[in-house]
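Everything below concerns the one structure shown next.
Every read-out reported here was derived from the displayed coordinates using simple, explicitly stated rules and does not represent laboratory data. Just so it is clear, the model here is predicted, and its values are computed rather than measured. Because the Cβ atoms are built from the backbone with ideal geometry, glycine has one as well, and the counts that use them run over all protein chains shown.
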Amino acid sequence: MIKILKLSLFFLFVSPLMVSAQQSSIYTHDLKEYDRAVALYKDKQYQSAQILFERVKKEVSNQEVQADCAYYIANCAIRLNQMGADDLIEKFVEDYPTSTKQNQAYIEVAHYYFEQGSYAKSLEWFDKVNESSMSYEDQEKYNFQKGYSYFTAKNTTEASKYFNKVLNSKTFGSQAKYYLGYMSYETDDYNTANQYFDQVQDKDKYKEKMGYFQADMNFKLGNFQKAIDLGQEQIPKSNAIEKSELSKIIGESYFNLKQYDKALPYLLEYKGKKGKWNNTDYYQLGYAYYQQKDYENAIAQFNKIINGNDFVAQNAYYHLAESYLETGKKQQALNAFKTASEMEFEPKIQEDACLNYAKLSYEIGNPYQSVPEILNAYLDKYPNNSNKEEINTLLISSYITSKNYAEALVLLEKNKSPENKLAYQKVTFYRGLELYTDSNYQEAYSLFKKSISENKDSKFTARATFWKAETEYNLDQYKEAMLSFKQFMNYNEAASTPEYKNVNYNLAYSYFKLKEYDNAIKHFTDFTAEVMNDNVRKTDAYLRLGDCNFISAKYWPAMEAYNKTIELKSVNSDYAAFQKGISYGFVDRNDRKIEDLEKFVKTYPNSQYADDAFYELGNTYVNENNESKAVATYDKLITNYKTSSYVAKAILKQGLIYYNNNKSDQALTKFKKVAAEYPGSPESLEAVSTARLIYVDSGKVDEYSNWVKTLSFVEVSNADLDNTTYESAEKQYLMNNAKQAISGFSSYVAKFPNGIHALKANFYLAQLYFADKLESNSIKHYEYVVNQSRNEFTEQALARLCQVHLKTNDYDKAIPVLKRLENEADFPQNKTYAQSNLMKSYYEKEDYTSAVVYADKVLANDKIDDRIKSDAQIIVARSAIKTNDEVKAKQAYADLLKIAKGELAAEALYYDAYFKNKEEKFEASNKVVQKIAKDYSGYKYYGAKGLVIMAKNFYGLKDSFQATYILESVIKNFSDYPDVVEEAKTELNKIKTEVSKTNSSVTN
């Protein structure tokens, strides 16, 4: 620039005329264009100005003018937001390093970006400015704008430095003080903030904002009334966000002044941070409602506090628990007290929460821990508490009332103090009953003995004696059972026990099993005389009374008892009618026997005793010498009951009738039919023997010989050796010499695999192996028996073979045998056994359709007991669940619930709660889960699953605290059940995800 000026002076001095002429023709013209461009620039017509500046820059040769044009072109580009505008500024500085506008260019760009609100961008350009070459006025503007840019970037240190430079500026001083005050406010330096704000409070432009800040600062300084006054004054001047925040300040100030009624409307007006409240917000509103005794609304706020772990949360959970109690929601209160008791921020609250948790657990039960364990824990933690005596009393009682006898027993075994002995007697008794119900007789027996040995309460001693007798009976220890029942009857307290009404019935059965029929008759008679409202046992007692008399050859009393059974319309009326009919035969009343049996086969054509009746009727006709009716009756049996074990006998009987009437050809036809269709059976052997007589009498010995050779079960030549070998083994068997009998029968079947006695030998050998627990050795011998034609051992062998295969869970082998037993069984208990195990086997094989078919068959049988019914209903229910047939499952579980005990009852209750939850009957579902916790606490799996349902119920009832607390407790306390824990985790994650949308204190 200096060189150019010198050069211009030189030219001006030596050639004034030439220079003057050049200016007038070119330079002057360009300056006019330049001036017009500057005017357009000042008029903010940047696009037009930029075009003119570019034209002038190209046409003018004056470097200074070119530099100015470049300066303005770049500035226009900045203001037009053109691509590469920043580069134009940099190029201007690079191309014209001596331009006086270089610093001004940086300042102009920085100011422009500042005015546009691009503070980060303006800072970049402010940093390039040379402050020393600026005027005082420009420096003030520069310092304020740079300070504000740092303020927006939250760099308070740098912002403070620049604001402090303009504190005394007439133009920027008030603004600087305001922002310095605000930064002090943000860093909780309220004294400094107030000093700055006081200096600008008369400025109208800051009054609106400072009203909010000063209200907030006074709140934070504990000047609650002043915060309220300032806040109420500021609310009308505020926008929606500020109104929300001021409502919070005013509401919380009233809260801290304990003016809860005034706090409520303001706390309700608060909209949260970004639409979210936090745990403290919910606590304050909940507590305000609590103080107004509006417990339902208090609950609605407190229960939104989840994952809280501070003094506020402990307070909230404690008052939530109290609110639940005030509204009668004890289960919910239990969980809230538990949560408060686990926090140590306020020891007094913790102790009181512990006490309430312990008392409530005793009162309503506890799904997570045994009540005795909770009470013991309280006494251990607070040994000097004034409530110690009360808790001790509850502890002793809780061992019984908790009904979690398994855990109570563990605790009592560890603490056998004198004051616990009565509780120990009762708990061992009740735990014994649970095990008895679950068919765990051996362990139940042990516990009943322990209960008896304590003998603190003579009534429980008597009751335990009764159930010890019941257990002995189920363990086939009939003599011991009989003695125990008699011992029970001798207790003075026995008559006041619920068991007493059945003791004669049970004692009678023990005598019955011991074959002491006279004693059984006495006690069955006593029972029928005293029983009132138990028709099931009464009819059964009459039936067994009839059987005892029948076995004892007291036929008239037997018939009288059978008549009573028939009159009571028992499900066993058919059996009683049959027994009554055949009894007439033993008192020489064959005419009446025939009459009753004829009536029987018409009345009960589908009875399992119908084939027995036809056979007896046929035999009676034989005895009455009415052979034609006998043959006709046997024919009905053979035709209508093809699978009956009496068919072979009936055909043989017909053959014998023909033989005795010298109808040899007809007799031989029948005998050969028996031999062909029932080879190896006792009937076939008798048929062959009698046929031999016919052949011998008719002189057709060769014909007999040829026929016998076709029979695999007859070895004529070895008959003597066969008989001798068998008789030797049988003798050892009858003398109960098992080892020698096994050896003898094994030798026999090896030497005579198709011998005369092969059927018996194989059956007895199988029975011996089975009794010796060598079940695998018994299989082939039972199979031999069942593979023969129907015989007297078929049913027993089928039943035993089923047992062997089921014991090893070999369902593929068990199922075909069970099906045969079902179809061929004469004894109803074997048919029931087959059907019930077929349903279980199919279920285990996951053939749910077949499992349900057999379960329905079992349920259709009126004569089965409740235990088998429960098994059938649970199969139906579980199969329905597996096949997603929830309608059928719901009904099946409902039916099961009517009769189930123990674990099955717990399972049925769980599904009752499950279906109620699906129907959104949340309160009703919770009541069922509480019943599981209180009455079936020993069955932890269904207790845990029930708690997950309860959590879902509470979430459905909009109680997030209860839902999350329960799920977290399940995860913490039931690690033994990973499937339940996994389900709980899934539900918890789902709930927290939803809750976190409105509660900033909750993170998922």
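Between Val587 and Leu379, how many nm apart are label points set 7 Å from Cα along the C-beta direction?
Label at Val587, label at Leu379, 6.7 nm between them.
Projecting each Cα onto the charge dipole of the chain (Lys/Arg +1, Asp/Glu -1 at the beta carbon, about the Cα centre), which of Val714, Tyr436, Leu768 comes out farthest on the positive side?
Tyr436
Between region 720-760 and region 775-849, how many Å separate their Cα centres?
Region 720-760 and region 775-849 have Cα centres separated by 26 Å.
Which is farthest toward the positive dipole end of region 263-377 among Leu325, Leu264, Pro372, measuring Cα position about the Cα centre, with Cβ charges +1 (Lys, Arg) and -1 (Asp, Glu)?
Result: Leu264.
Report, in listed order, any pair from Lys338/Lys840; Lys426/Lys486; Lys580/Lys813; Lys468/Lys840; Lys538/Lys629; Lys890/Lys972 with a Cα-Cα distance greater than 32 Å.
Check vs 32 Å cut-off fails for Lys338/Lys840; Lys580/Lys813; Lys538/Lys629.
Nearest 10 degrees, 0 to 90: what angle lies between the long axis of helix 405-414 and the longest principal axis of the chain (Cα atoms)?
The angle comes out at about 80 degrees.
What is region 904-983 by shape, rounded, prolate or oblate, if you read a ≥ b ≥ c off the alpha carbon gyration tensor as root eigenvalues and call it rounded for a/c under 1.5, prolate for a/b larger than b/c, and oblate otherwise? Let's see the in-between values first.
Values: a/c = 1.77, a/b = 1.07, b/c = 1.64.
Here region 904-983 falls in the oblate category.
What is the helix-to-structure angle for 682-698, meaning the angle in degrees between its Cα long axis and the longest Cα principal axis of the chain, kept from 0 to 90 and rounded to the nearest 10?
30 degrees
Determine, for each peptide in 813-824, 161-172, the mean count of other beta carbons within 10 angstrom over its residues, then list the peptides with the highest first. Before the final figure, lay out each step's value.
Numbers: 813-824: 19.3, 161-172: 16.5.
Ranking, from highest mean packing down: 813-824, 161-172.
At 0.36 nm per residue, minus the direct Cα-Cα distance, what do Lys780 and Asn155 gain on full extension? Give it in nm, one decimal, please. It would help to have the intermediate numbers written out before the result.
Values: separation 625, 0.36 × 625 = 225.00 nm, distance 9.38 nm.
Once the chain is fully extended between Lys780 and Asn155, it gains 215.6 nm.
Can you compute the charge dipole magnitude of the chain about its Cα centre, using +1 on each Lys and Arg Cβ and -1 on each Asp and Glu Cβ, nothing else charged? Give it in debye, rounded to the nearest 20.
Value, rounded to 20: 420 debye.
Name the shape class, rounded, prolate or oblate, that the alpha-carbon gyration tensor gives for region 340-484, where a ≥ b ≥ c are the square roots of its eigenvalues, rounded holds for a/c under 1.5, and otherwise prolate holds if a/b is larger than b/c and oblate otherwise. Kindly include the intermediate steps, with their values, before the conclusion.
Values: a/c = 3.78, a/b = 2.55, b/c = 1.48.
Verdict is prolate for region 340-484.
Sticking with the crude label model, points 7 Å out along Cα→Cβ, report the distance from Lys501 to Lys449 in nm, one decimal please.
Each label point lies 7 Å from its Cα, and together they span 3.2 nm.
Would you calculate a helix-derived [θ] at 222 nm for the chain, using -39,500 (n - 2.57) for each DSSP H run of n ≥ 4 and dividing by the full residue count, to the nearest 500? If you can, show how the numbers build up before the last one.
Numbers: 55 runs with 759 residues, N = 1004.
So the calculated ellipticity at 222 nm is -24500 deg cm²/dmol.
Would you work out if region 403-498 is rounded, prolate or oblate? Take a ≥ b ≥ c from the square roots of the eigenvalues of the alpha-carbon gyration tensor; rounded if a/c is under 1.5, else prolate when a/b is larger than b/c, oblate otherwise. Working shown, then result.
Working: a/c = 2.21, a/b = 1.32, b/c = 1.68.
Verdict is oblate for region 403-498.
I'd like the FRET efficiency for Thr1003 and Lys773, computed as 1/(1 + (r/R0)^6) with the beta carbon distance as r and R0 of 45 Å, rounded to 0.05.
Values: r = 61 Å, r/R0 = 1.36.
According to the calculation, E is roughly 0.15.
Taking the Cβ-Cβ separation of Asp697 and Ser975 as r and a Förster radius of 60 Å, what is the calculated FRET efficiency to the nearest 0.05? Numbers along the way, then the final one.
On the way: r = 85 Å, r/R0 = 1.41.
Between Asp697 and Ser975 the formula returns 0.10.
For Glu923 and Asp95, compute 0.36 nm times the residue count separating them, minus their Cα-Cα distance, and round to one decimal in nm.
Details: separation 828, 0.36 × 828 = 298.08 nm, distance 8.35 nm.
Length gained, Glu923 through Asp95: 289.7 nm.
Calculate one ³J(HN,Hα) per residue across region 112-128 by plugging θ = phi - 60° into the Karplus curve 6.51 cos²θ - 1.76 cosθ + 1.60, and present them in order as whole Hz with x for glycine and proline.
These are the phi-based 3J(HN,Hα) values: 4, 5, 4, 5, 7, x, 8, 6, 5, 5, 5, 4, 4, 7, 4, 5, 8 Hz.
Could you rank the peptides 859-867, 249-257 by their average count of other C-beta atoms within 10 Å per residue, with the highest value first? Please list the in-between numbers first.
Numbers: 859-867: 13.4, 249-257: 22.2.
Peptide ranking by packing, descending: 249-257, 859-867.
With 10 angstrom as the radius, rank Ile241, Ile299 by how many other C-beta atoms surround their C-beta, starting from the fewest.
The order, fewest Cβ neighbours first, is Ile241, Ile299.
How would you rank Leu947, Leu806, going from fewest to most other Cβ atoms within 10 Å of each one's own Cβ? Intermediate values should be presented prior to the final figure.
Details: Leu947 24, Leu806 19.
The order, fewest Cβ neighbours first, is Leu806, Leu947.
Given an 8 Å cut-off on Cα distances and at least 6 residues of separation, report the relative contact order of region 782-851 as a percent. Numbers along the way, then the final one.
Values: 67 pairs, mean separation 15.9, N = 70.
Once divided by the residue count of region 782-851, the mean separation gives 23 percent.
Quick one: angle between helix 371-381 and the longest Cα principal axis of the chain, in degrees between 0 and 90, rounded to 10, please.
Long axis of 371-381 versus the principal axis of the chain: about 50 degrees.
Measuring from centroid to centroid over Cα atoms, what is the spacing of region 124-196 and region 491-530 in Å?
104 Å
FRET efficiency for Lys42 and Thr192, Cβ-Cβ distance as r, R0 = 35 Å, nearest 0.05? Each step should come with its number before you reach the end.
On the way: r = 43 Å, r/R0 = 1.23.
The calculated FRET efficiency here is 0.20.
Need one number: nm distance between label points at Lys751 and Thr401, each 7 Å from Cα along Cα→Cβ, rounded to one decimal.
7.6 nm
How much length is gained on full extension from Asn492 to Glu137, taking 0.36 nm per residue of separation minus their Cα-Cα distance?
116.3 nm
Starting with the highest mean, order 935-943, 769-777 by the number of other Cβ atoms within 10 Å, averaged over the residues of each peptide.
On the way: 935-943: 21.4, 769-777: 15.0.
Result, highest mean first: 935-943, 769-777.
For region 332-374 and region 640-697, compute the distance between their C-alpha centroids and round to whole Å.
So the separation of the two Cα centres works out to 82 Å.
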